[in-house]
Amino acid sequence: MNIILIGPPGAGKGTQAKRMIDRLGVPQISTGDMFRAAVKEGTPMGKKAKEYMDKGALVPDDVVIGVVRERFQKPDAKKGFVLDGFPRTLEQAKALDGLLSDMGTKLDHVVVIEVPDDFLVERLTGRRTCKGCGYMHHVKFDAPKKDGVCDKCGGDLYLRDDDKEATIRDRLTTYHGQTSPLIEYYGKANVVRKVDGTMSMEDVQKAIAKAIGA
Ligand code: AMP
């Protein structure tokens, strides 16, 4: 099964993708995860991607498309995939059409996780990440027992740069300008399945399973 997940930053695409791949037996292909790994390894591609990621901007299409083309050549991608965070522009969507047709396959579902901007801003700006163990508390939905201290390990909690309101608003602007037009693009192929992303992770998971009949 070939699936794309589309949604604004913080909609829970990564979490849902991880839950779907276990059930479907296909790999998750996350361009964000691949770029973060390349940044960590300090590869030339990682260095280039970092310049854009730090600003909350999109990595240039040719770089992203090259990375995905290479990933599709691995044997596990023959079984299908859950693409999370790609495509993000019309150019990328057109390139993906070409890659799929070269592979003799096509998309089955484009799952759109819908969440209003203000809801996302509240969800993300309230997150407090632990410097010690990486656990994420939320000041409203999962408040630590003691302010600024992680319940799990006693480490210091902090607000990540990419969870600051200005950065989130920038990424949302990018999403509305560049990525959400893809919903109309895929509408023509009748593969778009919209899901309410304001529900709990479990309920979103059930709604996706129902939408894709899996
Ligand atoms: P994500 O974890 O999917 O939010 O991705 C983190 C960052 O990686 C994004 O803010 C972009 O800078 C970059 N990135 C990931 N996927 C893409 C893509 N398909 N096109 C352009 N940039 C991307």
Next item on the list: Restrict the check to region 36-59 and report whether at least one residue is crowded, with 19+ Cβ neighbours inside 10 Å, within 11 Å of the ligand (Cβ to nearest atom) and within 25 Å of Asn190 (Cα to Cα).
Entry: no
Next item on the list: Report whether or not Asp108 is surrounded by 12 or more Cβ atoms within 10 Å (Cβ to Cβ), free of Cβ contacts under 8 Å to residues at least 24 places away in the same chain and away from the ligand (no atom under 13 Å from the Cβ).
Entry: no
Note to self: Go through (1) within 15 Å of the ligand (Cβ to nearest atom); (2) more than 19 Å from the chain's Cα centre (by Cα) for Leu83 and report which single condition fails.
What the structure shows: (2)
Item checked: The listed residue being under 21 Å from Ile183 (Cβ atoms) and out of contact with any His (no Cβ under 7 Å at 6 or more places or on another chain), out of Gly25, Gly85, Gly66 -> Gly85
Check: How do the pairs read when you match residues in region 1-24 that are in contact (Cβ under 8 Å) with a residue 60 or more places away in the chain with residues anywhere that are hydroxyl-bearing (Ser, Thr, Tyr), using Cβ under 7 Å and keeping only pairs 6 or more apart or on different chains?
Finding: Asn2/Thr105; Ile6/Thr179; Pro8/Tyr175; Pro9/Tyr175; Gly14/Ser30; Ala17/Ser30
Note to self: I'd like the residue in region 122-131 that is outside any strand (DSSP E or B) and more than 16 Å from the chain's Cα centre (by Cα) and, out of all such residues, is farthest from Ile3 (Cα to Cα).
What the structure shows: Lys131
Next item on the list: Would you be able to tell me the number of residues in region 1-35 that are outside any loop (DSSP other than H, G, I, E, B) and within 12 Å of the ligand (Cβ to nearest atom)?
Entry: 15
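Taken together, the values in this text are just the output of simple stated rules run on the coordinates, not laboratory data. Keep in mind it's a predicted model, so treat the numbers as computed, not measured. As a convention, Cβ positions derive from the backbone with ideal geometry for all residues, glycine included, and neighbour counts pool all protein chains shown.
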